[in-house]
Each structure stands twice: as structure tokens, then as C-alpha cells.
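Below: one structure, written as C-alpha cells.
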Amino acid sequence: LAAGAPVSTYLHENYHRSFLKENCRPDGRELSEFRTTTLNVGSISTADGSALVKIGNTTIICGIKAELANPTAEAPGKGYIVPNVDLPPLCSSRFRPGPPGEQAQAASQFIADVIESSEVIKAEDLCVDRGKLCWVIYCDIMCLDYDGNILDACIIALLAALKNTQLPEVTVNKETCSPEVNLEKRQRLHIHKHPASASFCVFDDSILIVDPTAEEESLSTAHLTVVTDEGGRLCSVHKPGGTSLSGEKLQQCINRATARQREIHKLIDKVLDSVKTSK
């Protein structure tokens, strides 16, 4: 088996090369084409906000849970956001039961970095009573089906779930100094920016493909994820090793990511509007 593995990889690479020469891919897409992306919000009734995203077969669900806590001494006027990405064995045979693997930890860190760099939510908005009370927003992101490009799906699911979240009104009783929660009155989170990402793979050190499948990821020589917001601002470039990219190729990626952000922003707004009108 071990001896046969490289032969299998070699055959897969040649199979993909035969398509790439014709500027297309085995699933019929062009090199710069994303798979069909669908979104559903409010999927988890027990969460404060939620979203389910599918990019091709890759399926991600995000649930938001908000809790009241004491702010830290270093940041008395701020709340905090805690993202966690889970890649359980049910989504792919490549993942094993037990503590989070390297890919899940890297994805969680990437999401945390995007939240901070994009300023999608400002930590100051989560403060209820300075030095005494703040919101902690837990963002649990789980992969249900893994077929490549989970980072793009995670960002869409996170943003849509945050926009779907409603927090109850909280006041602090002046006499008892205890929080009073009014579940009848709820308000949406203030979303300052709308980041979206576009992920790419480099094949044979030169051919750039967008939205790779799991198989394309395994055959590529480098991965790259570019995050932009609605103002065209570059929020993050994530490239974990691999072969180098020219400035021209990187600019191509940024341009494609900017166009993708507009597509995703429209999709999220359309889905959220349809939910409002159905209510």
C-alpha cells in the first residue's frame, strides 16, 4: 500500500493536469470559478444566532451563544468574542476523535485574527457596565462535510450568524448591583464591517485555482486565503508555507477576493431580508 501511494498521487496529478491544460477542472468549473454557495440562517433554535453554509459539498454550521461576564482588568470597557472551529470525524475520515487537531486550531486562530483585523464587531460595543459587566460572544463553528476550502465557508457562516444574532436588553440594578435581563426586548449586534474571504491553491507552482476541493488541496503546492471588506480594504492574507507567489499573482487574488466579497455581502443581505419578510 505504501509503495502504491505515490503512484496513486502521480495518476491524480496527471488527471488534474490534463484538465488544467484546457483551463478547466474535473468538476467542470473554470480556474477562477467558485462552487455554488448557499446560505440558511436561524437553523439552530437554541442559539442566539446561527447560520448554515454550503460551498459545493463543504458544509459549515455556526452557532452564536452570548453570556454575561466580568470584563478583564486590562480592558474594563470591552467584551470579547471567542471563536472555535471544530473538525469532527463525522465530516471526513481524515479527522480523528479527541482534542482539536492542527488544522482545527489553525482555523480557529485564523477566524480570531479576521475578527480582530476586520473589526466586524468592536469589543467596546459588548460592554454593558464598564468594569462590571460585559457580553462574551461564543462562536462555535462546526464542519459537517469536508470537501476543501473550509476557511471561506467559516467566514460566511460566522458573519451571517452574527448578523442573525439578537441579544436581550440588560441593565444593572443600581441598588443590588445585579444584572437584570429583559428577554422580551432584544437588539441586533452592531456589525461594523462585512469581511469575506477567497481561498486559492497553486498547482505546479504556477497555476492559480480558486475555491479548491479537498482533492485539489491535497495536490497543490501552496494555499492562500485573502480577506477583504466592503470598502475594498485588505483585512488579512493567510499563506501557511508552500511555494512563493509573484506580486502579479497576489494582486490577481486580491482582485478576485474583492469581487467575491461583494457577491457574499449580497447573498447574506438577501437571505436575511427573506427571513425578515417571512416573519
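The values are calculated or read from the model by the stated rules, or taken from the named source; none is laboratory data. Everything quoted here is computed from the prediction, not taken from an experiment. All Cβ positions, glycine included, derive from the backbone under ideal geometry; neighbour counts span all protein chains shown. Quick note on the areas: whole protein, heavy atoms, side chains included, nothing else; ligands and nucleic acids left out. Shrake-Rupley method; radii C 1.70, N 1.55, O 1.52, S 1.80 Å.
With a cut-off of 14 Å between beta carbons, the residues surrounding Pro240 carry a summed charge of -2, where Lys and Arg count +1 and Asp and Glu -1. Surface composition of the chain: carbon plus sulfur atoms contribute 51% of the solvent-accessible area (1.4 Å probe, protein chains only, all chains present). Ordering 27-38, 91-102, 44-55 by mean Cβ neighbour count within 10 Å, with the highest value first, yields 44-55, 27-38, 91-102. Distances between placed amide hydrogens fall under 5 Å for Glu230 paired with His194, all partners being 5 or more residues away or on another chain. Across segment 231-239, rounded Karplus estimates of 3J(HN,Hα) from the backbone phi angles (6.51 cos²θ - 1.76 cosθ + 1.60, θ = phi - 60°) give x, x, 6, 7, 8, 6, 10, 10, 9 Hz, Gly and Pro being marked x. Taking amide hydrogens as placed 1.01 Å from N in the peptide plane, the amide H of Leu133 sits under 5 Å from those of Val128, each at least 5 positions away in sequence or on another chain. Here the Karplus curve 6.51 cos²θ - 1.76 cosθ + 1.60, taken at θ = phi - 60°, turns the phi angles of segment 220-225 into couplings of 7, 9, 6, 10, 8, 10 Hz, with x standing for Gly and Pro. Modelled spin labels at Phe19 and Thr38, positioned 7 Å past Cα toward Cβ, are 2.1 nm from each other. Protection proxy ranking of 196-203, 175-182, 103-110, 270-277, by the mean of other Cβ atoms within 10 Å over each peptide's residues and highest first, is 196-203, 103-110, 270-277, 175-182. Fully extending the segment from Tyr80 to Val181, taken as 0.36 nm per residue of separation minus the present Cα-Cα distance, adds 34.5 nm. Over the residues of the chain, the helix contribution to mean residue ellipticity at 222 nm works out to -10500 deg cm²/dmol, using -39500 (n - 2.57) for each DSSP H run of at least 4. For the pair segment 71-88 and segment 170-239, the centres of their Cα atoms are 15 angstrom apart. Working from Cα pairs under 8 Å separated by at least six residues, relative contact order for segment 76-139 is 56 percent. Using only Cα atoms and rounding to the nearest 10 degrees, what angle (0 to 90) does helix 247-278 make with the longest principal axis of the chain? That helix lies at roughly 50 degrees to the long axis.
Per residue, the accessible area of segment 52-104 comes to 53 Å², computed with a 1.4 Å probe over protein heavy atoms only.
The string of couplings for segment 100-114 from the Karplus curve (6.51, -1.76, 1.60, θ = phi - 60°) is x, x, 4, 5, 5, 5, 5, 5, 4, 5, 4, 4, 4, 5, 5 Hz, one whole number per residue in order, with x for Gly and Pro. State the Cα centre-to-centre distance between segment 136-165 and segment 248-279 in whole Å. A separation of 15 Å, based on Cα centres. With 0.36 nm allotted per residue and the present C-alpha distance subtracted, the Gln103-Ser218 stretch has 40.1 nm of extension available. Peptides 60-72, 13-25 ranked from most to least packed by the mean count of surrounding Cβ atoms within 10 Å: 60-72, 13-25.
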